[in-house]
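These notes concern the structure reproduced below.
Values in this text are rule-based calculations from the coordinates and carry no lab data. All values derive from a computational prediction rather than experimental measurement. Using ideal geometry, Cβ is built from the backbone for each residue, glycine included, and neighbour counts are taken over all protein chains shown.
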Amino acid sequence: MTLNNKTIAMLLAAAFLLALAAPWLIPQYRIDRLTLALIYGAATIGLVIITGRAGQLSIGHSAFFGLGAYTTGILLARDIMPLPLALLAAALAGGVLGLVFGKPALKLRGFQLAIVTAALAIVFPLLLPRFSNLTGGHAGLAIPPQFAPESWGLSSVSWMYMVTVVVVGMLVFVAWAVTRNRLGRALDAIRLSELTARSMGIDVAGYKLAAFTVSAICAGSAGGLYAAAIGFIAPEAFGLLINLTFLAALMVGGSRVIAGALIGGLFVQLVPEVAAGLSQAWTQLLFGAILIVVVFFLPGGLVSLISIMQRKVSRSTEAAAATSADTTDSD
């Protein structure tokens, strides 16, 4: 029982429409949490492309995320652009940094690439205070709340959620289209063996750079959404810790499937909140325990449960068909 492209597209469309209806189905105090979960999922989509599909371990995602956040934050705080254009600028800023940084960095592999991208993640928040006239320095940057058109009758929280759903939906579509075409097949070949990929005539450097750039665009877009949704950003929010959050989302949700990124985003945002509601001491323990269990017993992430269930249904169907055939023959 394998889902074809048409079925997947229908499921994605249904999920998108259900997500848009959430402000009328979920209490308002939950909407902002769901918005952050989607934002983390959007950033993790970039890691699905560069790490899950291309096999390149990047720990510099927070720099692209932070650049997108400050791009949107500065444009909104100074009333230079409306929200849609500010988010587009964030995506472009992330993509440009990914393109510029990725060209030399992707000549490296494995731990060398991980160290270089980690260095980018360390340096980025250190540079922000040096441009305090723009970024607000260590004091941070306050961003005015964003409101829907008056006729919509939505609160600022619900409006930012709706905007986030639309942007994340666009990123999901782009990432899905990318991984389904020639680029996706090339990245799979590169992940398995760069030497074999080169022998097949694949432009390894070009495809890796394209994947790195698309990944950075996803992170920049997510950062822009983060700034607009939170309403305040500071350099400390974009260090190595948030990279670990993205990597945890990637491992828990599923490293090679876009849906896994969204599941991972829900995990890193909602599980600590649920655990904190039970007991503050349980937060890190529960988070770590689930992470360990998933890594050991579900290396494909939580999204792999769908495949496991599909296989069980297929086996049950085949067994039922075989039993029915044996009964018919005996008759």
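The range 108-130 and the range 31-93 have their alpha-carbon centroids 17 Å apart.
Counting helices only, and only those DSSP H runs with n ≥ 4, report the 222 nm mean residue ellipticity of the chain as the sum of -39,500 (n - 2.57) divided by its residues, in deg cm²/dmol to the nearest 500. Each step should come with its number before you reach the end.
Values: 15 runs with 249 residues, N = 331.
Roughly -25000 deg cm²/dmol at 222 nm, from the helical runs in the chain.
A dipole drawn for the chain from +1 and -1 charges on Cβ atoms has a positive end, and of Leu241, Val295, Gly201 the residue lying farthest that way is Gly201.
Quick test of the membrane-span-like rule: which DSSP H helices of the chain reach at least 18 Å along their long axis (C-alpha atoms) with mean Kyte hydropathy at least 0.0?
On the way: long enough: 5-20 (22 Å, 1.82); 28-47 (30 Å, 0.67); 61-77 (24 Å, 1.12); 83-105 (33 Å, 1.73); 110-127 (26 Å, 2.18); 156-180 (36 Å, 1.71); 204-230 (38 Å, 1.34); 240-253 (20 Å, 2.24); 258-278 (30 Å, 1.74); 282-297 (22 Å, 2.36); 304-330 (39 Å, -0.24).
Result, helices passing both filters: 5-20, 28-47, 61-77, 83-105, 110-127, 156-180, 204-230, 240-253, 258-278, 282-297.
D by Stokes-Einstein for the range 147-233, Kirkwood Rh over Cα pairs, 37 °C, 0.692 mPa s: 215 µm²/s. Only one item in [x] 20.0; [y] 21.7; [z] 20.9 matches mean projected area of the Cα convex hull in nm² derived from the coordinates shown, and that item is [y]. Provide, as a two-decimal number, the C-alpha radius of gyration of the range 153-303 over 2.2 N^0.38 Å, N being how many residues it has. In units of the 2.2 N^0.38 Å rule of thumb, it is 1.21. Sorted largest first, the principal axis extents computed over the alpha-carbon atoms of the range 1-153 equal 51, 45, 25 Å. Between Asp203 and any residue 5 or more places off or on another chain, the built amide H atoms are never under 5 Å apart.
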